[in-house]
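Presented below is the structure to which this report refers.
The values are calculated or read from the model by the stated rules, or taken from the named source; none is laboratory data. These numbers come from a predicted model, not from an experiment. We place every Cβ from the backbone using ideal geometry, glycine too, and count neighbours over all the protein chains shown. Protein only, heavy atoms only, side chains kept; ligands, DNA and RNA dropped before computing areas. Shrake-Rupley method; radii C 1.70, N 1.55, O 1.52, S 1.80 Å.
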Amino acid sequence: MAMYSTKFLLIQCAKNNLQRCFSSQKGQVTSLYEFHIKNGGKMVNFGGYQLPVQYSDQSIVNSHIFTRKNASIFDVSHMLQTEIKGKHSIEYFETLCTADIKGLEENSSVLTVFTNENGGILDDLIVTKINEEFLYVVSNAAMKQQDQEIMSRGLNSFQKRVNSASDIRIQFFHTLERTLIALQGPKASTALQSITDLDLSKLYFMKTAVGSVANVQNCRISRCGYTGEDGFEISIPAERSENVVQTLLENSDVKLAGLGARDSLRLEAGLCLYGSDINGETTPVDAALTWLVAKKRRETKDFPGADKIVQQIKEGSKIKRVGITSSTGPPPRHGTIILSEDGQEIGEITSGCPSPTLEINVAMGYVPAKSSKVGTKVGLKIRGKQYNGIITKMPFVKSNYYNKVN
Amino acid sequence: MAVVPRIWCSFSKGVFHNNQFFTKSSNLKSFHTSLSVFSEKLFTAKHEWVQVDGKIGTVGISDYAQEALGDVVYAQLPDVGTVVKQKDECGALESVKAASEIYSPLSGKVVEKNVAVEETPSLINSSCYDKGWLFKLELTNETELSELMKEDKYKEFLKTEESH
């Protein structure tokens, strides 16, 4: 899901020139680093990690389209994987985020946000309730240090209040301990089913299970992703990760994909990139993510910034994140000024790219709530020229999740 | 490269009986020519090239730049008549992953832009030294040419950290 983060290096270079775009300073490696190189990965430093932006066998556009038609593997090991165990783990974790984890079924995941006292979003993350005393959390790489502090400090203060919570244990996994890959696309489940002992037909969107993959035991398979397609995120003991990826690639419907395709896929799916589309200044209401604030938590109001957020839900926010498309001109990017029809500056684009699926430009950005209606015409100011855009419902490309049919 | 490849192709096939150099977009890497009927391509540190024929300089981006940029989907080129100074920002190329500004390698007046590239930006990827040229300049200060890199120097430059 909306999980990988940092200001996207390649998008952020919008203001730069050809020379400065392709920064490749060394960063930390993942367990698949050598594998990426061997397979033609063009490595870049992404939020402090050496990751492939694409592979030599496919352009970003082709890789993007391949994912929408077949299946792609993304290395997302840079993200922070955390396990929380012990009595009161759920009660503790709810003090940090907006999800109703108590009400969540076992082996289910939910997208949520860490918030600050002003209601701003400190990170977005997926929390999985494995059972009443065991949570598995995946959060953004670029926010790793901050998130560790949020969870550790939060635990300290929780334990001061609740004596019987003294046995809660947090384990932060190092990138080189647990590999995390995403297998995404309409052919992902067929490809994975042939090499796992789990019955994927019973593993619905946002559900999780542990099984073997390519004869590697103890792989956690979660049915979620960041592309809008059906797919999985698979957490693998790092020393065996190459086996899993290599075995998946024996299927001709599966290819490796990099950060480039990942960004355009998530944009088409209308999913936020932390640091670009949401940050500490935007509230879930501003970001059109009110649905992440669980009904029950609006009543209990016991997460950071709850009063402000609940008040905003009632009264509405001043600004709102919207989708914007344009069918002519260059793609609006992070920082592009949004104009009203009569030429007034009303907001800013937070991310955008040409959509390989739709062959128009897709973007998201913030505008005043009163101007946020779908169908509203806007102007986009790019390098001094003005182009026409229109506020458009997201996702831009219909999502294709594996939900239970009632 | 020191030739206009379009001319070079028809001219050279008979010589080499081998056209593999001319179908590859990376002919820069594999081939160095010393035919001096046409002037050499000169490169900037920002990965543009210019090839001068009399007072006219033809401008494009290097193979390294097109490959790094990826599929170009939109080309914003300077209009004919625009007067630019060396290193002025004068247009932009957009790919899925990024927007990159084009900087003029030399001072001059734009006398032609490549309309085919505006219509089919992928020409920049498939033929960055030939069909994917961007615009032509009537030069106003030829002494600026000395600030640009010849091909071998540019190739050395690409190996340095500075170029990335």
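Using only alpha carbons, segment A:36-81 has a radius of gyration to Kirkwood radius ratio (Rg to Rh) of 0.99. Annotation: B:Lys136 carries an accessible surface of approximately 60 Å², with a 1.4 Å probe and no ligand, DNA or RNA atoms counted.
Rounded to the nearest 0.05, the FRET efficiency derived from the C-beta distance between A:Asp302 and A:Gln344 at R0 = 45 Å is 0.65. The phi-based Karplus calculation (6.51 cos²θ - 1.76 cosθ + 1.60; θ = phi - 60°) puts the 3J(HN,Hα) values of segment A:186-197 at x, 9, 4, 5, 5, 5, 6, 4, 5, 10, 10, 8 Hz, whole numbers, x for Gly and Pro. Amide H to amide H, with H built 1.01 Å from N, A:Ser351 comes under 5 Å of A:Met364, counting only residues 5 or more places away or on other chains. The phi torsions of segment A:223-231, fed into the Karplus equation with coefficients 6.51, -1.76 and 1.60 and a -60° offset, translate into couplings of 8, 7, x, 9, 10, x, 8, 4, x Hz, rounded to whole numbers, with Gly and Pro shown as x. Once backbone amide H atoms are built at 1.01 Å from N, A:Gly41 has A:Ser56 as its partners under 5 Å, excluding neighbours fewer than 5 places away on the same chain.
What does the helix-only formula give at 222 nm for the protein assembly as shown: each DSSP H stretch with n ≥ 4 adding -39500 (n - 2.57), the total divided by the residues, and the result rounded to the nearest 500 deg cm²/dmol? So the helix-based figure for the protein assembly as shown works out to -6000 deg cm²/dmol. Extending 7 Å from Cα along the Cβ direction at A:Asn156 and again at A:Leu198 yields two label points whose distance is 3.6 nm. As a length-normalised measure over Cα pairs under 8 Å and 6 or more apart, the relative contact order of segment A:60-200 settles at 38 percent. Overall, the protein assembly as shown carries a charge dipole of about 700 debye about its Cα centre when +1 sits on the Cβ of Lys and Arg and -1 on the Cβ of Asp and Glu, all other atoms neutral.
If you roll a 1.4 Å probe over segment A:81-173 with all protein chains in place, what percent of the accessible area is carbon or sulfur? Carbon with sulfur: 44 percent of the solvent-accessible area.
Here A:Lys404 and A:Lys26 are evaluated by their C-beta separation; at R0 = 45 Å the FRET efficiency comes out at 0.50. Couplings 3J(HN,Hα) for segment A:267-273, derived from phi with the Karplus relation 6.51 cos²θ - 1.76 cosθ + 1.60 (θ = phi - 60°), are 5, 4, 7, x, 8, 7, 10 Hz, where x marks Gly and Pro.
Shown is the FRET efficiency for A:Lys295 and A:Thr95, computed with R0 = 30 Å from the Cβ-Cβ distance and rounded to the nearest 0.05: 0.95.
To the nearest 10, the accessible area of B:Phe157 is 20 Å² with a 1.4 Å probe. Proximity of backbone amide H atoms, modeled 1.01 Å from N, is registered between A:Tyr204 and no other residue at under 5 Å, excluding neighbours fewer than 5 places apart on the same chain.
The modelled label-to-label distance between A:Lys377 and B:Lys85, using points 7 Å beyond Cα along the C-beta direction, is 3.9 nm. Once A binds B, the 1.4 Å probe can no longer reach about 2500 Å² of accessible area, counting both sides. Along the axis of the charge dipole computed for the protein assembly as shown (Cβ charges of +1 for Lys and Arg, -1 for Asp and Glu, origin at the Cα centre), the listed residues A:Asn131, A:Leu273, A:Met43 are led at the positive end by A:Asn131.
When segment A:150-298 is described by a simple charge dipole with +1 on each Lys and Arg Cβ and -1 on each Asp and Glu Cβ, the residue from A:Pro237, A:Leu249, A:Ser157 located farthest towards its positive end is A:Ser157. Subtracting the Cα-Cα distance of A:Ala369 and A:Glu281 from 0.36 nm times their residue separation leaves 30.1 nm of extension gain.
Within segment B:117-164, report the GluC sites (Glu not before Pro) that DSSP leaves as loop and that have at most 14 other Cβ atoms within 10 Å. Here no loop site has a sparse enough neighbourhood. Per-residue shielding of B:67-78, expressed as the average number of other chain Cβ atoms within 10 Å of the residue Cβ, stands at 5. Think of segment A:261-361 as having a plus end and a minus end, set by charges on the Cβ of Lys, Arg, Asp and Glu; of A:Ser264, A:Asn361, A:Pro284, A:Pro284 sits farthest toward the positive end of this dipole. Checking the Cα-Cα distances for A:Lys296/A:Lys318; A:Lys129/A:Lys320; A:Lys144/A:Lys377 against a 29 Å cut-off, the pairs over it are A:Lys129/A:Lys320; A:Lys144/A:Lys377. Ranking A:Ile195, A:Ile37 from most to least accessible surface, computed with a 1.4 Å probe over the protein chains only, gives A:Ile37, A:Ile195. Taking the centroid of alpha carbons for each part, segment B:110-164 and segment A:46-74 are 28 Å apart.
Computed from label points 7 Å out along Cα-Cβ, the spacing between B:Lys150 and B:Glu118 is 3.7 nm. Probing with 1.4 Å while keeping every protein chain in the model, the per residue accessible area of segment A:217-280 equals 23 Å².
Rounded, prolate or oblate, given the Cα gyration tensor of the protein assembly as shown, with a/c below 1.5 counting as rounded? Taking the square roots of the gyration eigenvalues as a ≥ b ≥ c, the protein assembly as shown is prolate.
Here segment A:81-173 is assigned +1 on the Cβ of each Lys and Arg and -1 on the Cβ of each Asp and Glu. Its dipole about the Cα centre then comes out at about 300 debye.
Taking the Cα centre of segment A:318-392 as reference, the dipole from Cβ charges on Lys and Arg (+1) and Asp and Glu (-1) amounts to some 180 debye. Based on C-alpha pairs under 8 angstrom that are at least 6 apart in sequence, chain A has a relative contact order of 18 percent.
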